[in-house]
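Below is one structure, written out as structure tokens, with a few remarks after it.
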Amino acid sequence: MACLRKSVRQIENLYKYKEIVVKKCKGYTQIRLFTTTPLRNALSIKALKELTAAFNSANKDDSKVVFLSGSGSMFCSGLDLQCLRKHSIEERRKAARHLASTLRTFVDTLINFPKVIVVAVNGPAVGIGAAILPLCDIVYASDKAWFHFPYSSLGQTPEGCASLTIPEIMGQAWAGEMLYAGRKLTALEACSSGLVSHVFWPTSLMQEVTPRVQKIVEGSAKMLLTSKALIRSQLKPKLEYVNERECSSLEEIWVSPDFYRQAKIFLERGTADL
Amino acid sequence: MACLRKSVRQIENLYKYKEIVVKKCKGYTQIRLFTTTPLRNALSIKALKELTAAFNSANKDDSKVVFLSGSGSMFCSGLDLQCLRKHSIEERRKAARHLASTLRTFVDTLINFPKVIVVAVNGPAVGIGAAILPLCDIVYASDKAWFHFPYSSLGQTPEGCASLTIPEIMGQAWAGEMLYAGRKLTALEACSSGLVSHVFWPTSLMQEVTPRVQKIVEGSAKMLLTSKALIRSQLKPKLEYVNERECSSLEEIWVSPDFYRQAKIFLERGTADL
Amino acid sequence: MACLRKSVRQIENLYKYKEIVVKKCKGYTQIRLFTTTPLRNALSIKALKELTAAFNSANKDDSKVVFLSGSGSMFCSGLDLQCLRKHSIEERRKAARHLASTLRTFVDTLINFPKVIVVAVNGPAVGIGAAILPLCDIVYASDKAWFHFPYSSLGQTPEGCASLTIPEIMGQAWAGEMLYAGRKLTALEACSSGLVSHVFWPTSLMQEVTPRVQKIVEGSAKMLLTSKALIRSQLKPKLEYVNERECSSLEEIWVSPDFYRQAKIFLERGTADL
């Protein structure tokens, strides 16, 4: 890989990010989730802010593509809801407002990102980890990946525009089973439903995807930007509106006693379930 | 099944509905088509009105979910067009207006139904029987079910918002073959195209689906309502507009001599074909 | 086939069209691409104009359906970009404007065509050849057909409303891989993704499709027109807007030095690649 491993920027990144690893490669920026949360690759407020910063930075530099992946055997285990475990209702309300607003900004950054985003889903993609996939442009997945919105067990409503994108991609019937009944999709089901572009063997995922990313960045930057603008521009206002509504609903749900009870059970058995 | 079989409400329902069977279960309302029409589970004006009333009633009570199915080996054989067989053109026009307006109200009730609707498609779903599936939220089907819009043989235009939902779910190419050329989908094809969430063996359909419905109603009512509002709200005005246009078109088509001739042939061979 | 082979109109058509073959059959018009371009069934300005004229003519006569196919082993190899190989930038700009405006008119004709269009994709469908399929109503394909948008190798942006229709049909993930990374779909993949209605053996494609077209035209003209109006009307303004934007973008891209360099390489290895 033609990565400038020791460049000033690289070293700068080492100090800048704690929850993600950002590498500047020839023509593209590679972002890997590598969180310090107990549950692997859960997105805390810190991780969401770092991701937002890394995307904004890749937007400004000469990268043509952002290449996103997880690490270890997990792609992303969803939002880290630990920050909502507060004793007073006032503190919980504050925490919910903070998490919802950080999430809103991160999702808006993806919605408006003008460059092509390629994802390698190296393992389970849960909650927001699955919801962001339709906001990316090409989604490769390991055969060991699976896709799950645990909203029914959590007592939570959809996030990351999943309430709009999942039914549009796979139809109401599949989306309904995923969003109301917590159906998990295998990688092959996700591919046949249109959520995933291609499935590879777990051991060769990165070897398959990296040259594909390198191939894409050979194309002209102008062609990639203009194509993405044509493909995405009509969706943007709809997605922004849905993101806004979803985050308002989450902020409200997260402070409700119902959610607190259900989420507590869910979080306590958390790691085992995933 | 935790159904309150002998409740006052149950007995009341026995007198209230002739074309459907309504059971109030723990957390959900079960509605089964069980019509008195010669063609099994054809939707007459009476059946449409009873369905509308049953959905409205489930909307007002404490049900979290409506669980809809057919009966015997048939899910629903489409609209019962016998009411259009009138001698005078004036009578036919009146009958067409009545049928179209009853259909419009029923479809609008589904479009605006705020609670989750789970369907078990136990057998063939024809015409409006297939068209309503995308207006529901989770669609389980028996392996023996098939899906058919007999509009080309009938000389009729689409109903139940199929002109919008079918192309959105399966793309113009599949939708075109179904709506213009009367292609029938098997249960597995319907599942891979996104019309159906999951296919089960005919003998175990209800045993598979009932616990799934019971699982869904364990979730918080607020989460289910808010999720459905997020998922559906943007579609509603579009669906209402399409329903209005489809019903106006049907009202006009049903009194045309072309339709009368084609439908007569179709209805006379009716039962055999299904 | 009940074609009026020697009718006055037929003979007239023989003189009128050089790049396509138009046959007036009972109830439908058959249009076959049969171009004089070195690359088989590439769409030159002349071919685009003839196609537009043939569709306009089928719109006015008593055809209920247009039946479109390629010829030989090729359905359509995309736009013929040879006309852009001019020495002066001024000439190139003029040629780009001419090609873009002819393409815009052809695509607008398809978007607004009120009668059902059935396609038999007898072989590879490349670029605009694949892009027009979602603008048609039923798409049958030979098992030997494949589907390819060579935009990344060409350095070109999408055309024929592909930037809207391809993501809507197959989801962002598949569409992204096709439009940014030049993934080719096999006939079976195109069928499972919803781009194609049905796949047939190459040797029996026309024998399978012709009776299907004849069956469709048995239906009432009114039913076909009204159904298509219901199915398509909401899409039209969106498609027209996208077509306009895509053509503006192409006009600009086609005169850029980047495109000229990339397209030259592509065109020189052209035939071999396809």
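The values are calculated or read from the model by the stated rules, or taken from the named source; none is laboratory data. Note that the structure is a prediction, hence the values are computed from the model and not measured. Backbone-built Cβ (ideal geometry, glycine too); neighbour counts: all protein chains shown. Note: accessible area is taken over every heavy atom of the protein model, side chains too, but ligands, DNA and RNA are not part of it. Shrake-Rupley method; radii C 1.70, N 1.55, O 1.52, S 1.80 Å.
So here's what we get for this one:
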{"quantity": "Meets criteria (in contact with a Phe, Trp or Tyr (Cβ under 9 Å, 6 or more places away or on another chain), open to solvent by less than 30 Å² (accessible area, probe 1.4 Å), farther than 28 Å from A:L154 by Cβ and not basic (K, R)) for A:V116", "calculated": "yes"}
{"quantity": "Condition check for A:K222: at the interface with chain C (Cβ under 9 Å from one of its Cβ atoms), among the charged types (D, E, K, R) and either in contact with a helix residue (DSSP H, G or I) (Cβ under 7 Å, 6 or more places away or on another chain) or open to solvent by less than 50 Å² (accessible area, probe 1.4 Å) (or both)", "calculated": "yes"}
{"quantity": "Every residue from segment C:48-85 that is touching a strand residue (DSSP E or B) at 6+ places or on another chain (Cβ under 7 Å), closer than 14 Å to C:V126 by Cβ and open to solvent by less than 20 Å² (accessible area, probe 1.4 Å)", "calculated": "C:G70, C:F75, C:C76, C:S77, C:G78"}
{"quantity": "Residues satisfying the stated conditions in segment A:166-182, i.e. under 20 Å from A:L103 (Cβ atoms) and more than 7 Å from every other protein chain (Cβ to nearest Cβ)", "calculated": "A:I166, A:M178"}
{"quantity": "The listed residue being within 11 Å of chain A (Cβ to nearest Cβ), open to solvent by less than 10 Å² (accessible area, probe 1.4 Å) and polar (S, T, N, Q), out of C:S142, C:S227, C:S197, C:S163", "calculated": "C:S163"}
{"quantity": "Residues satisfying the stated conditions in segment C:12-68, i.e. part of a helix (DSSP H, G or I), at pLDDT below 95 and not charged (D, E, K, R)", "calculated": "C:N13, C:L14, C:Y15"}
{"quantity": "Count - residues of segment A:200-211 that are within 12 Å of chain C (Cβ to nearest Cβ) and buried (at least 20 other Cβ atoms within 10 Å of the Cβ)", "calculated": "1"}
{"quantity": "For A:S88: the one exception among (1) at pLDDT 95 or above; (2) within 16 Å of A:V255 (Cα to Cα); (3) open to solvent by 10 Å² or more (accessible area, probe 1.4 Å)", "calculated": "(1)"}
{"quantity": "Complete set of residues in segment A:69-86 that are within 13 Å of the chain's Cα centre (by Cα), over 25 Å from A:S256 (Cα atoms) and not in a strand (DSSP E or B)", "calculated": "A:G70, A:F75"}
{"quantity": "Residues within segment A:230-258 that are open to solvent by 10 Å² or more (accessible area, probe 1.4 Å) and within 14 Å of chain C (Cβ to nearest Cβ), tallied", "calculated": "9"}
